[in-house]
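Values in this text are rule-based calculations from the coordinates and carry no lab data. As the structure is a computational prediction, the values presented were derived from the model and not from experiment. Neighbour counts are summed over all protein chains in view; Cβ atoms, including those assigned to glycine, are modelled from backbone coordinates with ideal geometry.
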Amino acid sequence: MDGHRLTKLIKTDDRLRHLPVVIFSSLVNEEMRRKGESLGADAQLSKPEIGKLVQEIDKLLQAKNA
């Protein structure tokens, strides 16, 4: 299962749809970014941007706790 399939399963499940989804992939190009957005991904980052991944997770957690 790839990240897009998992994102779709999460975002179409009433019990899980509130969970933020970050796609972290080496394959983020414009087509893949559009697909992720259409599936409801909250953020999409290219590997190996670990620092940006941590920043996005922090931002999503802060928004959830606000």
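Numerical summary
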item: Note, ³J(HN,Hα) from phi for segment 42-47, Karplus 6.51, -1.76, 1.60, rounded to Hz, x at Gly and Pro; result: 7, 7, 9, 10, 8, 5
item: Whole-Hz ³J(HN,Hα) from phi, Karplus 6.51 cos²θ - 1.76 cosθ + 1.60, for segment 27-34, glycine and proline x; result: 10, 7, 10, 4, 5, 5, 5, 4
item: Cα-centred dipole magnitude for the chain, charges only on beta-carbon of K, R (+1) and D, E (-1), debye, nearest 20; result: 120
